[in-house]
Amino acid sequence: MKTLIVIPCYNECNRLNKEAFFSFVSQNDDIEFLFVNDGSTDSTLAMLQSFSTSNDKIHYLDLAQNGGKAEAVRQGILQSTSQYDCEYVGFWDADLATPLDEIKHFERIIDHHHYDCVTGLRLMRLGAQVRRKYSRHYIGRFFASLAAFVLDLPVYDTQCGAKLYKVEIAGKLFEQKFITRWLFDVELLARYINLFGKEEAKTKIYENPVMKWQDVSGSQLKMKDFFKAPYELWKIMRTYHSRRK
């Protein structure tokens, strides 16, 4: 296995596309998936157990209590780095707003350019099929500007749910629990800066413009959560700026 992708799941039984995942692993024998059931109250766990039984490239981790996406991803990454032999680990949103085909593209970018991390960039542009609700787009741009200011880093899109890391880097970034529930993507960047420095972040993290992305209904992230962002960003700034040497 070259790459293991963590898929956080909370009440996803009606949205998980079994055919898409099974088709992808059948065509890419060096990529496997670890689904993390985050204390779902529907039949998500039973579905993941069935997935795992049906395909040896599909694994699952069951968390008895709901801890939020950040902790589900963290637990999945920690299990990936400690129990599986792979070069890269990452996480992907269960709704496949970012198609699975982008994983191979992310791999090639790290292989050829030796980045530590490749993260998806949802850039609406000619030649790409990136479809976002305008309300979310403009709120997202405002949030991204705040995040860039807090981090003092020219990041364009922190919240795309498609990211891939070198396994040794992921082990360090995900070691400690996050202080935020939804903005852990920003927190990961703050951790990287503290561990490796801002200049390293500018040259070793790459935002890759995805060719296709689409809003999928049923997301656990609601519009009201965006209005909590300034306080969450303040917590990140206060915590991680104080740790910098």
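The values are calculated or read from the model by the stated rules, or taken from the named source; none is laboratory data. Predicted model, so just to flag it, every value in this text is computed and none were measured. Reconstructed Cβ throughout: ideal geometry from the backbone, glycine too, with neighbour counts over all protein chains shown.
Here are a few things to note about the model shown:
- For segment 73-131, the candidate set comprises residues that are closer than 26 Å to Lys18 by Cβ and among the small types (Gly, Ala, Ser); within that set, the residue that is farthest from the chain's Cα centre (by Cα) is Ser80.
- Criterion: at pLDDT 95 or above and either surrounded by fewer than 16 Cβ atoms within 10 Å (Cβ to Cβ) or of a type in the set (Phe, Trp, Tyr) (or both) - qualifying residue of Asp111, Asp93, Asp116: Asp111
- Residue list for segment 45-62, filter: under 15 Å from Ser23 (Cα atoms) and surrounded by 16 or more Cβ atoms within 10 Å (Cβ to Cβ): Phe51, Ser52, Asn55, Lys57, Ile58
- Residue within segment 138-152 that is at pLDDT below 95, of a type in the set (Val, Ile, Thr) and in contact with a Leu (Cβ under 9 Å, 6 or more places away or on another chain) present: yes
- Search result, residues across segment 23-50 that are closer than 17 Å to Ser80 by Cβ and in contact with a Phe, Trp or Tyr (Cβ under 8 Å, 6 or more places away or on another chain): Val25, Ile31, Glu32, Phe33, Leu34, Phe35, Val36, Asn37, Asp38, Leu48
- Applying a threshold of 6 Å to beta carbon distances and a minimum spacing of six or more residues, or different chains, the list of pairs starting in segment 107-130 at a residue that is within 20 Å of Asp185 (Cβ to Cβ) and ending at one that is in a loop (DSSP other than H, G, I, E, B) and polar (S, T, N, Q) reads Gly120/Thr98.
- Some residue of segment 73-89 being surrounded by 22 or more Cβ atoms within 10 Å (Cβ to Cβ), of a type in the set (A, V, I, L, M) and closer than 26 Å to Arg132 by Cα: yes
- Residues of segment 153-183 that turn out to be closer than 15 Å to Met237 by Cβ, modelled with pLDDT of 95 or more and not β-branched (Val, Ile, Thr), as a count: 2
- Checking Asp85 against (1) touching a Phe, Trp or Tyr at 6+ places or on another chain (Cβ under 8 Å); (2) closer than 14 Å to Lys2 by Cα, the condition it does not meet: (1)
- Each residue in segment 114-130 was checked for being of a type outside the set (A, V, I, L, M) and either in contact with a Gly (Cβ under 9 Å, 6 or more places away or on another chain) or not in a loop (DSSP other than H, G, I, E, B) (or both), and 5 pass.
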